[in-house]
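**Q** Please read through the structure below; I'll follow up with questions.
The values are calculated or read from the model by the stated rules, or taken from the named source; none is laboratory data. Since the model is a prediction, treat every value here as computed from it, not as a measurement. Don't worry about glycine lacking a Cβ; one is built from the backbone with ideal geometry, like all the others, and counts go over all protein chains shown.
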Amino acid sequence: MAGYNPGPVGPPAQPGGPYVPPGAAAKGATIEEMMRERARRARQRTIWVASAVALVVAIVVAVTLIVVNQNRRSAAPPTAPASASAFSSDDAASGGAVQTSDRPAGALESGGFLLGQDLVPGGPAPAAGEAVTVEIFSDYLCPWCALLEQAHSDSLAAKVQAGEIRLVIHTLNNLVEWNDDYSWRAMIAADTVAALEPDKFWEFNMALWENQPAESEDSDALTDAEISDLAAGVGVSQATIDQFADSPTQDWARWSSDEGRKQVDGTPVMRLSFDGSEPQAWQGWLLQGTNEDGEQVYAPGDLDKAIANVRGGQAPDAE
């Protein structure tokens, strides 16, 4: 008995042309047209899927940026992550008032350190009615702050020692989230020296400026050990250096930095006042121009003129 023969496998032969599925001929569609249509639909699906994915990613990025920016704005003052450094203790209270007993010697009720004529915080200084008060608000990671120091630190020191000005140093940690928390670590080290060994403050302050790391999230900042070495290099005792990790000035330092941010929009700012007058920012502390080769250059502004203007009741930048 012959076995069952289902016939040829595959589509029936179509003499004179390619195979056309049943019903396709009635619609007038050839196999090439069908394949092109299928490819077109596949491309559309790919475009739709890619567009949907891109939209979702854009939404996620936008929401993330909003949350991050809100968190940064709401952090007043930003606190240093405890894991970032031995100097970055998160235990101290942030913001709010501090007890008078917590304020280091030489520190002002409004924040910052008033230097005496010996360049020592808390040392003897002229009265506000005798000398122009110069306040500097700076962050140890801010590159423009370093330019200000390079341009005017020698002149400021000489004027302090001569009794011509009253110099107030405000240390801020605006850039606390950058470079392994360097702003906080440098600030708390400087404030600790100002509080415990004030006679070493000016030299340590200048050492921090001279060894400033780049302001970049991916650049190497000074380590805790390197900051400690800078302090030791200017004669700060090991007993004081050991306090950097758990400084008795932490509450005051955070409060003082917060108060500084309430007074100025950013860093650096140099403000001048005389005999109770309203402090005025000196915009000309660093002049920008070009040299004979057309290259951008910076030069110190006329500090003597700015001081004379303020003493005479004029704006620091008055001509």
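**Q** For the structure I just gave you, tell me whether A299 is surrounded by 18 or more Cβ atoms within 10 Å (Cβ to Cβ) and at pLDDT below 90.
**A** When the stated conditions are applied, A299 does not pass them.
**Q** Could you tell me whether segment 116-137 includes any residue that is under 14 Å from W209 (Cα atoms), touching a residue at least 12 places away in the same chain (Cβ under 8 Å) and not in a helix (DSSP H, G or I)?
**A** Narrowing segment 116-137 to residues under 14 Å from W209 (Cα atoms): 136-137.
Next, from what is left, pick out any that are touching a residue at least 12 places away in the same chain (Cβ under 8 Å): 136-137.
This time we only want the ones that are not in a helix (DSSP H, G or I), so: 136-137.
Yes, that holds for at least one residue.
**Q** Of all residues in segment 193-236 being at pLDDT below 95 and hydroxyl-bearing (S, T, Y), which is nearest to P121 (Cα to Cα)?
**A** In this case the residue turns out to be T223.
**Q** Which of the numbered conditions does K305 fail, given that it passes all the others? Conditions: (1) modelled with pLDDT of 95 or more; (2) of a type outside the set (G, A, S); (3) crowded, with 20+ Cβ neighbours inside 10 Å.
**A** With respect to (1) modelled with pLDDT of 95 or more; (2) of a type outside the set (G, A, S); (3) crowded, with 20+ Cβ neighbours inside 10 Å, K305 is out only on (3).
**Q** Something else: When I165 is evaluated against the numbered criteria (1) β-branched (V, I, T); (2) over 10 Å from the mean Cα position of the chain (by Cα); (3) modelled with pLDDT under 95, which criterion, by number, is the only one it fails?
**A** (3)
**Q** Kindly indicate the residue of segment 202-228 that is among the hydrophobic types (A, V, I, L, M, F, W, C) and surrounded by fewer than 21 Cβ atoms within 10 Å (Cβ to Cβ) and also nearest to D118 (Cα to Cα) among those meeting that condition. Steps first, answer last, please.
**A** Start the filter on segment 202-228 by keeping residues that are among the hydrophobic types (A, V, I, L, M, F, W, C), which leaves 202, 204, 206-209, 214, 221-222, 225, 227.
Still in the running and surrounded by fewer than 21 Cβ atoms within 10 Å (Cβ to Cβ): 206-207, 209, 214, 225.
On the way: M206: 15, A207: 18, W209: 20, A214: 31, A225: 29 Å.
Among them, the one singled out is M206.
**Q** What about D242, is it touching a Pro at 6+ places or on another chain (Cβ under 7 Å) and in the same structural domain as S155 (by TED's automatic domain parsing)? So that I can check it myself, show each step before the final result.
**A** Details: touching a Pro at 6+ places or on another chain (Cβ under 7 Å): no; in the same structural domain as S155 (by TED's automatic domain parsing): yes.
No, not satisfied.
**Q** Among the residues of segment 186-199, is any in contact with a Lys or Arg (Cβ under 9 Å, 6 or more places away or on another chain), of a type in the set (D, E) and crowded, with 16+ Cβ neighbours inside 10 Å?
**A** Looking through segment 186-199, none of the residues is in contact with a Lys or Arg (Cβ under 9 Å, 6 or more places away or on another chain), of a type in the set (D, E) and crowded, with 16+ Cβ neighbours inside 10 Å.
**Q** Can I ask one more? What number of residues in segment 224-246 are in contact (Cβ under 8 Å) with a residue 60 or more places away in the chain and touching a helix residue (DSSP H, G or I) at 6+ places or on another chain (Cβ under 9 Å)?
**A** So the count comes out to 4.
**Q** Follow-up. What is the one condition in (1) touching a strand residue (DSSP E or B) at 6+ places or on another chain (Cβ under 8 Å); (2) at pLDDT 95 or above; (3) in the same structural domain as W209 (by TED's automatic domain parsing) that S257 does not satisfy?
**A** (2)
**Q** Another question, then. Using the structure shown, decide if A231 is surrounded by fewer than 21 Cβ atoms within 10 Å (Cβ to Cβ) and either within 20 Å of the chain's Cα centre (by Cα) or in the same structural domain as I169 (by TED's automatic domain parsing) (or both).
**A** Criteria not met by A231.
**Q** Within segment 144-186, how many residues are hydroxyl-bearing (S, T, Y), closer than 15 Å to A253 by Cα and out of contact with any Leu (no Cβ under 8 Å at 6 or more places or on another chain)?
**A** Total meeting the criteria: 1.
**Q** Condition check: modelled with pLDDT of 95 or more, buried (at least 19 other Cβ atoms within 10 Å of the Cβ) and in the same structural domain as F201 (by TED's automatic domain parsing). Does V160 satisfy that?
**A** Considered against the rule, which asks whether it is modelled with pLDDT of 95 or more, buried (at least 19 other Cβ atoms within 10 Å of the Cβ) and in the same structural domain as F201 (by TED's automatic domain parsing), V160 comes out as yes.
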